[in-house]
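The values are calculated or read from the model by the stated rules, or taken from the named source; none is laboratory data. The model shown is predicted, which means the values in this text are computed figures rather than measured ones. Cβ placement follows ideal geometry from the backbone for every residue including glycine, while neighbour counts extend to all protein chains displayed.
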Amino acid sequence: MSPQSLSALWLSVKVSLVATALVALIGIPLAYVLARRRFWGRAAVDTLVTLPLILPPTVTGYYLIVVLGRRGVLGAPLYEATGFTIAFTWYAAAIAATVMALPLLVRTASAAIASVDRELEKAAYTLGRSEWRTALEVTLPLARNGILAGLVLAFARALGEFGATLMLAGNIPGKTQTVPLSIYTAVQTGETHEALLLVGLLTVLSCAVLVAAGRLGARAQ
Amino acid sequence: MSRIVTLVLALLLVPVPASAQELVLSVAISMKEAVEELGRGFSSGHPGVALRFNFGSSGELQKQIEAGAPVDLFISAAQRQMDELEKAGLIVPSSRRLFARNVLTVIKASDSRVDISKPADLLDARVKRVVIGNPKTVPVGQYSEESLRALGLWDRIQPKLVFSENVRQALDYVARGEVDAGFVYTTDAATRATNVREAFRPAEDTYRPVVYPAAVVATSKQRSLTQTFIDMLLSREGQAVLARLGFQPPPLGAR
């Protein structure tokens with residue numbers, strides 16, 4: 001394997017792990033709130049989070065540029081204040097992967113949380129537990145397998161992210177060129193051998209992830 | 001529901017108005033406006049011939065032709081891609097003509113506050129990112145790499161480089177202010193004159209001449225019609241359009 005492919009592989013793993021951590025941090029509380037609370041704007045939040053699943057990744061990528069680009073809604077003040085721009089860095093790849101993977105976790109985890117027996121939560125309340133501690137000690141542990149399955153799917157989605165990453169992070173070898181982008185470039189430049197190797201690798205990884213998610217999902221039933 | 005199905009089925013039965021003839025032109029994207037305008041002139045002289053344009057980087061278009069894309073005419077922004085296709089027997093060698101020349105320039109966003117007026121300025125700390133076409137597939141990137149090497153900047157500029165998939169993407173990155181400077185052709189810069197301005201021009205002896213060869217693709221079933229299009233590029237009218245858009249005439253006697 002060429003050094004370029006190796007660095008793409010390492011970058012992909014790094015980006016996917018960071019994205020999965022971010023997805024867990026944002027997604028699990030969000031999934032809980034969506035499953036257990038009724039509040040104004042709930043449908044809007046639900047739609048917004050799910051949208052990247054439905055929209056073409058290039059559309060999501062474009063929105064990310066509008067928000068995070070050097071002249072973006074958040075990107076411009078950040079650049080003025082610090083001289084730093086997110087676009088074309090590996091952070092951009094991680095953010096793009098997070099946004100694209102988030103709906104997979106939120107969907108799976110909120111379904112798992114919603115199916116937890118409410119009577120058990122009520123029992124915890126009568127024993128004097130706050131909602132916060134009940135969620136941590138009763139609800140989330142009971143929904144564990146569903147949440148883990150969601151995280152595994154999110155990791156796989158992050159690993160395969162292409163469109164939004166290309167738009168926000170570009171395709172810079174050694175810096176933002178993840179495995180899917182590396183495959184694209186290898187095919188474009190006629191490096192069929194390299195492409196085949198990476199394609200095989202991603203296929204095996206994805207199969208492993210699907211099997212893992214399937215087992216976790218089955219245990220959750 | 002069934003009414004919708006009926007409607008869809010009915011639409012499938014409507015015959016697509018087919019032109020008598022169709023020419024597919026794979027064109028280096030830096031030639032976009034020029035070939036579109038020349039195409040309009042060609043179409044008015046050849047009613048019944050529909051032109052289909054396929055724009056991209058020359059390297060990308062080359063790979064498509066190698067993969068068997070149904071293309072009649074290939075216009076490249078460098079000899080390299082055309083040479084490789086000729087060697088592989090994928091173009092008609094006798095049809096090949098050079099018809100235009102271009103010049104490399106370095107641009108910045110028109111509202112940029114960074115002073116970039118000579119090559120060494122690209123190493124300035126305030127210049128954080130510089131976009132060039134991906135040298136593997138994009139001719140403008142290949143010319144830029146040659147120039148940066150000749151200027152002795154190639155190694156030191158590496159950490160700042162961002163690669164684009166074609167020259168127009170490089171232009172767009174600069175116009176949007178995502179990067180501080182970019183290498184494009186003078187004719188590209190002219191298409192976004194309100195968003196970008198020229199910072200400096202690398203000396204023309206630092207890179208190979210930017211030339212545009214055109215050739216009939218070997219699998220074309222309309223070789224003579226495609227050849228007519230190539231002849232039109234070299235005609236006085238064709239050259240006048242190219243000159244107006246900023247292209248220079250091809251070097252004399254070159255192929």
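Out of all the residues in region B:92-103, is one or more within 23 Å of B:P202 (Cβ to Cβ) and free of Cβ contacts under 8 Å to residues at least 40 places away in the same chain?
no
Could you tell me how many of the residues in region B:156-167 are buried (at least 22 other Cβ atoms within 10 Å of the Cβ) and either away from chain A (no Cβ under 11 Å) or touching a residue at least 40 places away in the same chain (Cβ under 8 Å) (or both)?
So the count comes out to 3.
Across region A:174-199, what is the total count of residues that are within 11 Å of chain B (Cβ to nearest Cβ), part of a helix (DSSP H, G or I) and surrounded by fewer than 19 Cβ atoms within 10 Å (Cβ to Cβ)?
Within region A:174-199, residues that are within 11 Å of chain B (Cβ to nearest Cβ), part of a helix (DSSP H, G or I) and surrounded by fewer than 19 Cβ atoms within 10 Å (Cβ to Cβ) number 3.
List every residue pair whose Cβ atoms sit under 8 Å apart, with the two residues 6 or more apart in sequence or on different chains, where the first one lies in region A:74-94 and is in contact (Cβ under 8 Å) with a residue 12 or more places away in the chain and over 14 Å from B:G177 (Cα atoms) and the second, anywhere, is part of a loop (DSSP other than H, G, I, E, B) and among the polar types (S, T, N, Q).
Taking only residues 6 or more apart or on different chains, the pairs are A:T89/A:T176; A:W90/A:T176; A:A92/A:T176; A:A93/A:T176; A:A93/A:T178.
Go through B:V179, B:V174, B:V140, B:V211 for me and flag whichever is under 14 Å from the mean Cα position of the chain (by Cα) and not in a strand (DSSP E or B). Step through it out loud before you land on a result.
Details: B:V179 fails: under 14 Å from the mean Cα position of the chain (by Cα); B:V174 fails: under 14 Å from the mean Cα position of the chain (by Cα); B:V211 fails: not in a strand (DSSP E or B).
Answer to the check: B:V140.
Right, A:V67: out of contact with any Leu (no Cβ under 7 Å at 6 or more places or on another chain) and surrounded by fewer than 24 Cβ atoms within 10 Å (Cβ to Cβ) or not?
Answer is no for this residue.
Looking only at region A:146-173, count how many residues are away from chain B (no Cβ under 14 Å) and either part of a helix (DSSP H, G or I) or surrounded by fewer than 23 Cβ atoms within 10 Å (Cβ to Cβ) (or both).
16
If you check B:E60 against the conditions, is it within 29 Å of B:R176 (Cα to Cα), part of a helix (DSSP H, G or I) and in contact (Cβ under 8 Å) with a residue 60 or more places away in the chain?
Criteria met by B:E60.
Does region A:14-33 include one or more residues that are aromatic (F, W, Y) and more than 30 Å from B:A109 (Cα to Cα)?
Scanning region A:14-33 turns up at least one residue that is aromatic (F, W, Y) and more than 30 Å from B:A109 (Cα to Cα).
Looking for whichever is within 16 Å of the chain's Cα centre (by Cα) and surrounded by fewer than 23 Cβ atoms within 10 Å (Cβ to Cβ) here; the options are A:V33, A:V18. Which one fits?
Working: A:V33 fails: within 16 Å of the chain's Cα centre (by Cα).
None of the other options fit; the residue is A:V18.
Of the numbered conditions (1) of a type outside the set (G, A, S); (2) in the same structural domain as B:L73 (by TED's automatic domain parsing); (3) within 16 Å of the chain's Cα centre (by Cα), B:R236 satisfies every one except a single condition; which is it?
Going through (1) of a type outside the set (G, A, S); (2) in the same structural domain as B:L73 (by TED's automatic domain parsing); (3) within 16 Å of the chain's Cα centre (by Cα) one by one, B:R236 breaks only (3).
May I ask you to list pairs of residues, at least six apart or on different chains, whose Cβ atoms are under 8 Å apart, with the first in region A:115-143 being of a type in the set (K, R) and the second being assigned to a helix (DSSP H, G or I) and at pLDDT below 95?
A:R129/A:E137; A:R129/A:V138; A:R133/A:A124
Of everything in region A:66-106, what is touching a helix residue (DSSP H, G or I) at 6+ places or on another chain (Cβ under 6 Å), assigned to a helix (DSSP H, G or I) and within 14 Å of chain B (Cβ to nearest Cβ)? Give them in sequence order.
A:L68, A:G75, A:A92, A:A93
Please go through region A:126-144 and give me each residue that is polar (S, T, N, Q) and surrounded by fewer than 12 Cβ atoms within 10 Å (Cβ to Cβ), ordered by number.
Those that are polar (S, T, N, Q) and surrounded by fewer than 12 Cβ atoms within 10 Å (Cβ to Cβ): A:T126, A:S130.
Quick one: which of B:R129, B:R97 is farther than 17 Å from B:Y212 by Cβ and touching a helix residue (DSSP H, G or I) at 6+ places or on another chain (Cβ under 9 Å)?
Matching residue, one of B:R129, B:R97: B:R129.
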